[in-house]
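Shown next, in structure tokens, is the structure this report addresses.
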Amino acid sequence: MGTMIQIALRLIVALARTLFRFGMALLLLLIIAGGASWWYLDKHLPSPESLRGVQWQVPLQVYTRDGRLIGEFGEKRRTPLRRAEIPQRMIHAFIASEDDRFYQHPGVDWQGLVRAAAHLIRTGEKGPGGSTITMQVARNFFLGREKTYLRKINEILLALKIERLFTKDEILELYINKIFLGHRAYGAAAASLVYYGLPLSDLNLAQMAMIAGLPKAPSRFNPVTNPERAIARRDYVLGRMLDIGYISRSEHDKAQAEGVTAKVHALAAEVEAPYIAEMARAYMEERYGEEAYTAGYKVYTTIEGPLQSAANDALRNALLAYDLRHGYRGPEGRLATSISEADSEEEKEAPQSLSQSSNSSSAIIEEASANIPAPDPEDALRDDLGKIPVLGSLHPALVRKVDRDGIELSVRDIADPVRVSFADMEWARPYITPNRLGRKPKKAADVASLGDIVRLQKKDEGFVLSQVPAVEGALVSLSPKNGAILSLVGGFDFRRSKFNRATQAKRQPGSSFKPFIYSAALEAGFTAASIINDAPVVFDDPSLESAWRPENYSRKFFGPTRLRTALYKSRNLVSIRLLREMGIDHALEHLAKFGFDPDALPHGLSLALGSADLSPLEIASGYAVIANGGHIVIPHFVDRIVDIDDTTIFTSSAPTVCEPECEPGVVPAPRTLDERNAWLMYSLLRDVIRSGTARKALSLERSDIAGKTGTTNDQRDAWFSGFNADIVATAWVGFDEQASLGNKETGGRAALPMWIEFMETALADTAPSQLKRPDRIVTVRIDPATGMLAPTAQKDAIFESFRKDRVPSQMAEIPLQRPAGSTSDEAAPAPASVTERLF
């Protein structure tokens, strides 16, 4: 028996030794295999060292010259922060939410992994506790979102590497700037702006906890789209902060009592300049490609914020004033309502759907009202009204009540009903044609009906009925010293139309082009006192179906006329005869001095009346040559570009007009026009304001301004370009489809008021800035009828300026009586033969 026991014991010992050896061998194999796998995986993992020079995907931002935000472009909204810029409470919220042992573990929380593994074995489902902040950094930067065990192993290895290379604060900085938090927000700073419209440092505890709860599931716990789940998640974060000791019980309870205050905040531009922002975006894409949207570039434009705001207001006010003169086109549409008919004095059936409208916003309204939910019609109507955009400060509104004294409306973004009196809608005579209006309304019901979608404009005394203008316009200003664009508006509202009329619209400038023709005439030997016959003329042109019979706007003829008078009175026939006399080839060659391409200009006499197709910016650039004394400058809108580290990588080196000479490094603007020619044109154009078609500008009470109106055939375009030595501005009004503005809508009526309102701001608190008079200019007394030198005894003599080498040499005879029309101010039959004097 004892022998059997001994044998059994020996067998057990032998088996144990064998199993032990086998186990040790297996363990050794596992260690070798694990080490080899670790070595293999580690060798093929990306190096965390690259995180030291991480390039954040930061959107392109566009600013005014003085650093006020205009716009932002890029798929990801991100504002990287240094660790010292991140509030400590925000750090605590993320740690409590995502990794409460962050400061204890080496990148991998083994206790958490064990808990997660146990939960997986017990329930068959993945549980919490398996991923640390460091592991999330590894995943977000290097591994992607696929859920595999191999990725988890790589994640662990990378996390351990990251912890060896970076401090805890550096890891937190990477994490808080990288994480996706919903609504295109990457990083806590961007999320703070997106959800609360505030910098991260201004958030309260409840708001920080709300953001800290988002990394787990940005969509599921989103405070905008899922507020109930978001509150539950926020309260969990607050509870964890309390348990860890980051906050007190009173702080916890106060934060937990707060409701959801988040909503999506669009980027708040400090200056409204969307057309310039789009120009900057296109410029940067052409220069840097797709990197422009992710590399964190900042473009500082040449735009001056106050001038840009003034330009916005001036253009909109001018277009609204034009629209007011031409009547009411009716509501933009009609929205289905559940308003009681008792609210209206009219017996009418409430409309059931949005009717078709010719207005530009009708498509937007139709989409907004396509699906009106039945359960709560009142809320549904407000929701649908909120989908209609505000255009040019004109608020969409729904007519809720109509009575004899006015209307009551619900207005987008305004809680209480708004009342508009009949006096503030009495202007709304029905539009019939540009030259014809319907009858004047006698009561509010003649203008508006229950369910109408209309536009309201905010005035100091309240709201008034308005409408989005069908007409369009542009306004651009630049510095004649270097061509820097100071303000630019390409249309009534960028949201309605992204077409930039200041740079892209090619329109006929009409009489605003005449100064360039007159400059060519001065170069050809004419003077401001030269006499040209303002008389009928007929041209046979084989390209036209009939003979061309140009005429003045007044359809009158004024006989012999001095050039100065012809320009400020804008006499068409004088301009045509002047161009014919000097020769078209000479004129085209001269026009190149203003930056115009001769090959792109008409090669016929219609050029004298501004038949070229040019943009407002091109016209303004041409006037800049006169304003600066004869130098050509290049219009530009980019002042400088800085990279994500605020290092300047580009600075404008635009040619500049320097007096007396340029400083080292400044490129001088080349002179293309004789300074005497430029000064004489400035003198002529000052008379347009003092005595001519732009006398309204005298309201500015400035002695230094000059300019020219412009109107094209059938009043399709209305222009005014004006300047002093410091600023040039061009205003244009017209329809995109080139329809007539109406019989009386000249440049002086439709465009000049825009220019005047803008210049009130541009010239405010500035001293007069006149063009310096050249040395070789002399002023003498002349006979106003002949342009010859005036005898000493002539009482009606006037002063005129000339180049010193072109002063008239002949003395005029003093007639006993002036013939009618001799001063070119009264219409008179043109003599059969008139000598066109050339001095």
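The values are calculated or read from the model by the stated rules, or taken from the named source; none is laboratory data. Computed from a predicted structure; not experimentally measured. With ideal geometry, Cβ positions are generated from the backbone for all residues, glycine too; neighbour counts draw on all protein chains shown. Note: areas computed on protein heavy atoms with side chains; ligands, DNA, RNA excluded. Shrake-Rupley method; radii C 1.70, N 1.55, O 1.52, S 1.80 Å.
Table for the structure above
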quantity: Positive dipole terminus of the chain, leading residue within Q55, P784, L614 (C-beta point charges); calculated: Q55
quantity: For region 708-825: Kirkwood Rh in Å [reciprocal of mean 1/r, alpha carbons]; calculated: 18.0
quantity: Loop GluC sites (Glu not before Pro), region 748-816 (other Cβ atoms within 10 Å of the site Cβ: 12 or fewer; DSSP); calculated: E813
quantity: Charge dipole (the chain, unit charges on Cβ, about Cα centre) - positive-most of L172, F73, V299; calculated: L172
quantity: Solvent-accessible area, 1.4 Å probe, carbon plus sulfur percent, for the chain; calculated: 52
quantity: All-pairs Cα distance distribution in region 201-292, expressed in whole percent, bin size 5 Å; calculated: 3, 12, 18, 15, 11, 7, 10, 10, 7, 6, 2, 0
quantity: Length gained when the stretch E291-R439 is fully extended (0.36 nm per residue, less Cα-Cα span); calculated: 47.4 nm
quantity: Rounded if a/c under 1.5, otherwise prolate or oblate - region 243-332, Cα gyration tensor axes; calculated: oblate
quantity: Cβ-derived FRET efficiency at R0 41 Å, R17 paired with I644, nearest 0.05; calculated: 0.05
quantity: Rounded accessible area per residue of the chain, 1.4 Å, Å²; calculated: 47
quantity: Environment charge of R749, counting only residues whose C-beta is closer than 11 Å and scoring Lys/Arg +1, Asp/Glu -1; calculated: +2
quantity: Region 520-656: C-alpha gyration tensor shape, a/c 1.5 cut-off, then a/b vs b/c; calculated: prolate
quantity: Long-range amide H partners of R507 with built H, under 5 Å; calculated: L614, S615
quantity: Spatially proximal lysines relative to K440 (Cα-Cα < 30 Å; intrachain offsets below 8 disregarded); calculated: K348, K401, K458, K459, K696, K744
quantity: Distance (nanometres) between label positions extended 7 Å along Cα→Cβ at E461 and K804; calculated: 6.1
quantity: Over the chain, relative contact order from alpha-carbon pairs under 8 Å, at least 6 apart, %; calculated: 11
quantity: Average projection area in nm² (convex hull over Cα atoms of region 434-586, one quarter of hull surface); calculated: 16.6
quantity: Cα-centre dipole for the chain with unit charges at Cβ (Lys and Arg positive, Asp and Glu negative), debye to 20; calculated: 1640
quantity: DSSP-assigned coil residues among trypsin sites (Lys or Arg not before Pro) in region 737-782, each with at most 16 further Cβ atoms within 10 Å; calculated: K744, K772, R776
quantity: Full-stretch length increase - E170, H586 - with 0.36 nm per residue and alpha-carbon distance subtracted; calculated: 142.7 nm
quantity: Residue order for R564, R83, R690 - accessible surface, 1.4 angstrom probe, largest first; calculated: R690, R83, R564
quantity: Sequence of K387, K506, K593 when ordered by accessible area, the most exposed leading, probe 1.4 angstrom; calculated: K387, K506, K593
quantity: Percentage relative contact order, region 582-715, counting C-alpha pairs under 8 Å, at least six apart; calculated: 18
quantity: Under 16 Å from K178, Cα to Cα: lysines that are on another chain or at least 8 residues apart; calculated: K76, K168, K216
quantity: Accessible area (Å², 1.4 Å probe, nearest 10) - R671; calculated: 120
quantity: When each of K556/K804; K569/K804; K556/K593 is checked by Cα-Cα distance, pairs over 30 Å; calculated: K556/K804; K556/K593
quantity: Sequence of T730, T79 when ordered by accessible area, the most exposed leading, probe 1.4 angstrom; calculated: T79, T730
quantity: Efficiency of FRET between S653 and D765 - r from beta-carbon atoms, R0 22 angstrom, step 0.05; calculated: 0.15
quantity: Efficiency of FRET between L698 and V538 - r from beta-carbon atoms, R0 22 angstrom, step 0.05; calculated: 0.05
quantity: Centre separation in Å (Cα based) which lies between region 722-797 and region 448-464; calculated: 38
quantity: Loop-located trypsin sites (Lys or Arg not before Pro) in region 223-313 whose Cβ has at most 14 other Cβ within 10 Å (DSSP); calculated: K263
